[in-house]
Amino acid sequence: MLTKEEVLHVAHLARIEVTDEEIEKYQKDLKILLDEVDKIRSIEDFDDDKMFSPTDNQYDLKRESVIVDKEQILSNVPKKMGNFVEVPVMINE
Amino acid sequence: MSKYLSLSLQEIHELLKNKKITPKDLVMECFDNIEKSNLNAFINVYKDYALSEASKLEELEVDDDLLFGIPIAIKDNIMVKDMKCTCASKMLDNFVSIYDAGCIDEIKRHHMIIVGKTNMDEFAMGSTSETSYYGAPHNPWNYDKVSGGSSGGSAVAVSSGIIPLALGSDTGGSVRQPSSFTGIVGMKPTYGRVSRYGLVAFASSLDQVGVMSRNVYENALLLKAISKEDKRDLTSFETNDDITCLINKPLTNFKVAIPKYFISDIVDKEIRDKILEIKTMLETNHVTVDFVDIKYIDKTAILYQIIAMGEASSNLARFDGIKYGYSYLNPKDLEDLYKKTRRYGFGSEVKRRIMVGSYLLSGENAKIYYNKALQIRDDLSKEFQKVFDNYNLIIGPTTARCAYNLNTNLDDPLKSFMDDILVMHANMGGFPSLSMPVGFNSEHLPIGLQIIGNRMDEKTIYQLASFIEKEIKDDFSEVRNGI
Amino acid sequence: MEYKKTVGIEVHCELKTKEKIFSPSISNYGSIANTNANVIDMAYPGTLPLLNKEVLSFAIKACHVLNLNITKDMHFDRKNYFYPDNPKNFQITQNETPIGTEGYVEIEIDGIKKKIEILEMHIEEDTCKSVHSDKYSLLDYNRAGVPLIEIVTKPCLNSGEEAVKYLEKLRELLLYAGVSDCKIEEGSMRCDTNVSISKTNKLGTKIEVKNIGSISNVGEAINYEAKRQEELLEKGEVLKEETRRFDDKTKTTILMRVKETGNDYRYFPEPDIPFVHLTDAFIEEAINDLKRMPDERRKDYEKAGVLPINIEKIIANKEISDYLENFLDTNLVIASNLLLGDIQSYLNKNSKTINETKLTNKKFHDLVNKLDKKEINNKIFKDILIDIMETDQDIDDILKDKGLNISFDENLLNDIIANVINNNQKIIDDYQNGNPRSAKALMGLIMKEGKGKIDPAMANQKLMEKLNNL
């Protein structure tokens, strides 16, 4: 079972606020799910270095450019200032 | 009110062509159905838009396209310009699409009329549509039963006769499972046949737009209409094959495989018996039906969970209250904006999956889980391909049980995965897979047969499905008149 | 015993492709906010990344000039982290399979050559541009998705001077490869550096200095940082891994943040972009498109006798150097003097590039050759400079119009004179009878026939010779 700290770490990675009760619930739910997916460890080992594409096809080097929509691009923005998108001050920079 | 919409597409087309009716009549009838229905199939409907589109069509000559003027419902995770696209989430309750999905371009090109956006599980995560922010749809066969999911609204809209056709999306069975629960035909095509541009991503490497209809032929027609390489989706490919060409063609030298796992005791006995009945029927018609073993077939749910939740945790990171959608008001700071927006904007199933997905990719876990899952998935696909070397198709039940009561085990984190345990393989391998109704259980709820084909081989699936459809004597249209 | 500095450098360069890396928005600096942004750049739900093949081609060129091995089978990965300038809250980058590995750039300090080893180069997308007040930040998605290459050296540099040389050389190579304009002030080239000091072979604590505003500041930042660390160590303090920035005014480094242990980026392969196989033909096509690199050009200039100071002036101005590539068969000393001198002054004064003037390749070629053959001198050139740059006339016409140097075609003149003499016996007779106006009449006819192509003085002299010898 994940510790409370581990649940909080995951919640931080996912940027989801969790309450104390929710932490307990996540501990239980995540245990059930992780016990399930952990069964993958029992499947025989594969070549670790070989990477598999999630999809089957290969990128086509002859692919040409296309047009993609750009009208009303700011129409759904919750907070705008002029032509800019506004956010709370970015502290990290 | 007239009942043109219950006619076949060929019959409707004749009426349109001979100017006995107009597209507007169909739209009016459709909205009459919607207004009378209490099944909660739609999240938003667009009557004015639909009527105005219908009027525009009246200026045009009716061409030979059977889809001309036919109303269609679209799952609410597919972008239709100027319509809301909520994904059944509070997060996108106010979100208005500013562009058309690739498949919607094709729907519009075929002069079909979009009437509204259908109910679903929040961000397509679930198997009953009960995780919808707008409440669950009801199964037309029994109001207290689930519709299945996540494309539950689309399934209900078609099965209850509101509309003849609908689009859904299928990441791990989300078209086929509700089709099975509601007694309609649902197809998840080969990965890449239909553009994913404009389909809100759940698990990118598994997602595919699917088609839902009352019968096999109309299903193939709709899929043919939306199959198209889209330069805006690098995983889509060119398709020129006519997937309807084998419909109603005789099954000569036909071989079908049933994986033993599909009729093991994880499946309800009534459903197993029905599949065995189909087997006998096929054999009577000189089709070879063998039981086969497929390696990893019982491990698929594990792979699915890892890949689907891992990718989802990343795909849903973009919902952060900055660019669109719900945004927590007056946050203390940036972190508060992120965390409260996502806390209040997402429902519990979505949050749980994002949490697990984030964990599965964190630190060294990505190697242990995600990369390994991709490797085994590759092997699983090869195992299926080996079967297709010897058999035309694989068949089995779509679901292990029929539609069950609403509010059953809502809190069980594994439930929805277990509901889809027989349909995920097709998503894993990118194979086309169809569900069609083949009978009823003792509660008079539909039983679905699943047909899986090799990649790109939708036409053979439709060939077998059209054959079985003719042989099945049950009537799956009875709830269509109950509106 | 002295402390040894160990420095590693990470450089981000924007590739100047026409379109962004994963969307067809145009990629250009200085547009109105959020006008070069489409649904992909804004991470609209339902959108998928595309992949601009021009980016692959540019990255291959960069690999080639930095002597990197090209990874033919490569893919993109998602780097997951939340930040407002990261619209999808994941950045598409290359974690597992950087397009280039194990290369080097050769520098020279005081005549000693050194190879600066490059660990890897990968392709990724740029973030939004953000501006900040104390209450809010504002985002501009125009820059989101502009292609970047990140070039990471091994920790193999040992001084600020080496870092400066390395960056100057890197900048020159990327500029001449035509893949980036490498303008630090516009942010199209960004330098971060890791500095540690140690008295032993074991590396000291690594301290990162980010976003330094000019190449020379990188040198200063490294030297300052090494000195600062040395003073702390001498005081017996223990250094912590941290990120600092260079303050241009005080020429010091300032703490930004202490390094978080284990950034958890949850990398996994990007499922929306199929894996890429770079074919030999594709790689070859990109490399064949490269122009000659500066060192090769330096050799030619040197061989032609261009002064070292002028060689560096030419190389420092890629437009001039590229222009000279068309005239390698002319006198490069003259050609380069023209370009660095009067032509450059003209261009500066009129804020034009060569392409915006009427100076065609043929005109420049003629000009250099005429100066070389001393058919015109420098003074004449100066007199006609404006005409050269601003009219469609070729050099000969300009000279003729100005009467500065009229071409002299002796055969033509002889033919005309013979013709006139043969066809005008009456006037000849007059002349021989002593009528002085007859010679003038003949000259008039000659000039008429010559249609201004002949020099009157020369014609007169020739005519008189002929007449007197009749």
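The values are calculated or read from the model by the stated rules, or taken from the named source; none is laboratory data. For clarity, every value in this text was computed on a predicted model and none was experimentally measured. Don't worry about glycine lacking a Cβ; one is built from the backbone with ideal geometry, like all the others, and counts go over all protein chains shown. Side chains included, ligands, DNA and RNA excluded: accessible areas come from the protein's heavy atoms. Shrake-Rupley method; radii C 1.70, N 1.55, O 1.52, S 1.80 Å.
Is it true that C:Ala43 is touching a residue at least 60 places away in the same chain (Cβ under 8 Å) and either closer than 30 Å to B:Cys103 by Cβ or open to solvent by less than 50 Å² (accessible area, probe 1.4 Å) (or both)? Let's see the steps before the verdict.
Values: touching a residue at least 60 places away in the same chain (Cβ under 8 Å): no; either closer than 30 Å to B:Cys103 by Cβ or open to solvent by less than 50 Å² (accessible area, probe 1.4 Å) (or both): yes.
Against the criterion (touching a residue at least 60 places away in the same chain (Cβ under 8 Å) and either closer than 30 Å to B:Cys103 by Cβ or open to solvent by less than 50 Å² (accessible area, probe 1.4 Å) (or both)), C:Ala43 does not qualify.
Go through the residues of segment B:326-337 one by one and say whether even a single one is facing another protein chain (nearest Cβ under 7 Å) and within 19 Å of B:Val96 (Cα to Cα). Within segment B:326-337, one or more residues are facing another protein chain (nearest Cβ under 7 Å) and within 19 Å of B:Val96 (Cα to Cα). Scanning segment B:302-315 for residues that are at the interface with chain A (Cβ under 9 Å from one of its Cβ atoms), closer than 21 Å to B:Lys351 by Cβ and not hydroxyl-bearing (Ser, Thr, Tyr) yields B:Gln305, B:Ile306, B:Ile307, B:Met309, B:Glu311.
Quick check, is C:Asn411 modelled with pLDDT under 80, part of a helix (DSSP H, G or I) and open to solvent by 80 Å² or more (accessible area, probe 1.4 Å)? Break it down stepwise before answering.
On the way: modelled with pLDDT under 80: yes; part of a helix (DSSP H, G or I): yes; open to solvent by 80 Å² or more (accessible area, probe 1.4 Å): yes.
For C:Asn411, the condition - modelled with pLDDT under 80, part of a helix (DSSP H, G or I) and open to solvent by 80 Å² or more (accessible area, probe 1.4 Å) - is met.
Taking the listed residues A:Ser42, A:Ser53, the one that is surrounded by 15 or more Cβ atoms within 10 Å (Cβ to Cβ) and more than 7 Å from chain B (Cβ to nearest Cβ) is A:Ser53, with no other qualifying.
The residues of segment C:296-322 that are more than 21 Å from C:Lys183 (Cα to Cα) and either within 14 Å of the chain's Cα centre (by Cα) or in contact (Cβ under 8 Å) with a residue 40 or more places away in the chain (or both) amount to a single one, C:Arg297. Look at C:Lys135 and say whether it is within 14 Å of chain A (Cβ to nearest Cβ) and open to solvent by 30 Å² or more (accessible area, probe 1.4 Å). So C:Lys135 fits the description; yes.
The condition of being without any contact (Cβ under 8 Å) to a residue 60 or more places away in the chain and open to solvent by less than 20 Å² (accessible area, probe 1.4 Å) holds for only one of B:Gly429, B:Gly439, B:Gly448, that being B:Gly429.
Considering only residues that are out of contact with any His (no Cβ under 8 Å at 6 or more places or on another chain) and not basic (Lys, Arg), which ones fall in segment B:451-465?
Pass one, segment B:451-465, residues out of contact with any His (no Cβ under 8 Å at 6 or more places or on another chain): B:451, B:453-465.
Matches in segment B:451-465: B:Ile451, B:Gly453, B:Asn454, B:Met456, B:Asp457, B:Glu458, B:Thr460, B:Ile461, B:Tyr462, B:Gln463, B:Leu464, B:Ala465.
So, C:Ser31, is that one more than 14 Å from chain B (Cβ to nearest Cβ), more than 30 Å from C:Thr279 (Cβ to Cβ) and either in a loop (DSSP other than H, G, I, E, B) or out of contact with any Lys or Arg (no Cβ under 8 Å at 6 or more places or on another chain) (or both) or not? Yes. In segment C:421-442, the residue that is modelled with the lowest pLDDT out of those that are surrounded by 10 or more Cβ atoms within 10 Å (Cβ to Cβ) and not in a helix (DSSP H, G or I) is C:Asn435. Taken as a whole, the condition of being under 26 Å from C:Pro98 (Cβ atoms), assigned by TED's automatic domain parsing to the domain that holds C:Asn52 and acidic (Asp, Glu) applies to C:Asp264. When we screen B:Ile421, B:Ile376 for residues that are open to solvent by less than 10 Å² (accessible area, probe 1.4 Å), of a type outside the set (Gly, Ala, Ser) and more than 14 Å from chain C (Cβ to nearest Cβ), the only hit is B:Ile376.
Just wondering, is there one or more residues in segment C:235-245 that are at positive phi and assigned to a loop (DSSP other than H, G, I, E, B)?
So in segment C:235-245, the residues at positive phi come out as C:236.
Restricting the remaining residues to those that are assigned to a loop (DSSP other than H, G, I, E, B) gives C:236.
Within segment C:235-245, one or more residues are at positive phi and assigned to a loop (DSSP other than H, G, I, E, B).
Among the residues making up segment B:115-134, a single one is open to solvent by 10 Å² or more (accessible area, probe 1.4 Å) and touching a strand residue (DSSP E or B) at 6+ places or on another chain (Cβ under 6 Å): B:Tyr134.
Scan segment C:54-76 for residues that are open to solvent by 20 Å² or more (accessible area, probe 1.4 Å), assigned to a loop (DSSP other than H, G, I, E, B) and either more than 19 Å from C:Tyr166 (Cα to Cα) or of a type in the set (Phe, Trp, Tyr) (or both) and report the count. Result for segment C:54-76: 2. Is there a residue being at pLDDT 90 or above, open to solvent by 50 Å² or more (accessible area, probe 1.4 Å) and either closer than 30 Å to B:Asn371 by Cα or in a loop (DSSP other than H, G, I, E, B) (or both) anywhere in segment C:255-274? Scanning segment C:255-274, I find at least one residue that is at pLDDT 90 or above, open to solvent by 50 Å² or more (accessible area, probe 1.4 Å) and either closer than 30 Å to B:Asn371 by Cα or in a loop (DSSP other than H, G, I, E, B) (or both), so the answer is yes. Among the residues of segment A:68-78, is there at least one that is under 30 Å from B:Ser381 (Cβ atoms), more than 8 Å from chain B (Cβ to nearest Cβ) and either buried (at least 19 other Cβ atoms within 10 Å of the Cβ) or modelled with pLDDT under 85 (or both)? For segment A:68-78, residues under 30 Å from B:Ser381 (Cβ atoms), more than 8 Å from chain B (Cβ to nearest Cβ) and either buried (at least 19 other Cβ atoms within 10 Å of the Cβ) or modelled with pLDDT under 85 (or both): absent.
Quick check on my filter: what residues within segment C:77-89 are crowded, with 22+ Cβ neighbours inside 10 Å and not in a strand (DSSP E or B)?
Step one: filter segment C:77-89 for residues crowded, with 22+ Cβ neighbours inside 10 Å, giving C:77-78, C:80, C:84, C:87-89.
Those that are crowded, with 22+ Cβ neighbours inside 10 Å and not in a strand (DSSP E or B): C:Pro84, C:Pro87, C:Lys88, C:Asn89.
For A:Glu22, which of the numbered conditions (1) acidic (Asp, Glu); (2) more than 7 Å from chain B (Cβ to nearest Cβ); (3) outside any helix (DSSP H, G or I); (4) buried (at least 17 other Cβ atoms within 10 Å of the Cβ) fails to hold? Result: A:Glu22 fails condition (3) only. Within segment B:15-38, the set of residues being open to solvent by 20 Å² or more (accessible area, probe 1.4 Å), within 23 Å of the chain's Cα centre (by Cα) and not hydroxyl-bearing (Ser, Thr, Tyr) comprises B:Ile34, B:Asn38.
Provide a single number: the residues in segment C:214-267 that are within 30 Å of A:His12 (Cβ to Cβ), without any contact (Cβ under 8 Å) to a residue 24 or more places away in the chain and charged (D, E, K, R). Qualifying residue count for the region: 3. With respect to the conditions (1) out of contact with any Asp or Glu (no Cβ under 8 Å at 6 or more places or on another chain); (2) within 30 Å of B:Ser358 (Cα to Cα); (3) within 14 Å of chain B (Cβ to nearest Cβ); (4) open to solvent by 10 Å² or more (accessible area, probe 1.4 Å), C:Asn95 falls short on a single one, namely (1). Within segment C:117-146, track down each residue that is part of a strand (DSSP E or B) and aromatic (Phe, Trp, Tyr). Result: C:Tyr136, single match.
Here's the yes/no breakdown for (1) of a type in the set (S, T, N, Q); (2) touching a residue at least 12 places away in the same chain (Cβ under 8 Å):
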site	(1), (2)
B:Ser358	yes, yes
B:Ile376	no, yes
B:Lys382	no, no
B:Val387	no, yes
B:Leu393	no, yes
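Answer with yes or no whether B:Asp100 is modelled with pLDDT of 95 or more, surrounded by fewer than 24 Cβ atoms within 10 Å (Cβ to Cβ) and in a loop (DSSP other than H, G, I, E, B). When the stated conditions are applied, B:Asp100 passes them. What do you reckon, is C:Thr205 among the hydroxyl-bearing types (Ser, Thr, Tyr), at negative phi and crowded, with 20+ Cβ neighbours inside 10 Å? In short, no. Pairs only if they're at least six apart or on different chains, beta carbon under 8 angstrom, first in segment B:466-483 and more than 23 Å from B:Asn248 (Cβ to Cβ) and modelled with pLDDT under 95, second of a type in the set (Lys, Arg) and open to solvent by 70 Å² or more (accessible area, probe 1.4 Å); list them, first residue then second. Once the first residue is more than 23 Å from B:Asn248 (Cβ to Cβ) and modelled with pLDDT under 95 and sits in segment B:466-483, its partners that are of a type in the set (Lys, Arg) and open to solvent by 70 Å² or more (accessible area, probe 1.4 Å) give B:Ile483/B:Lys36.
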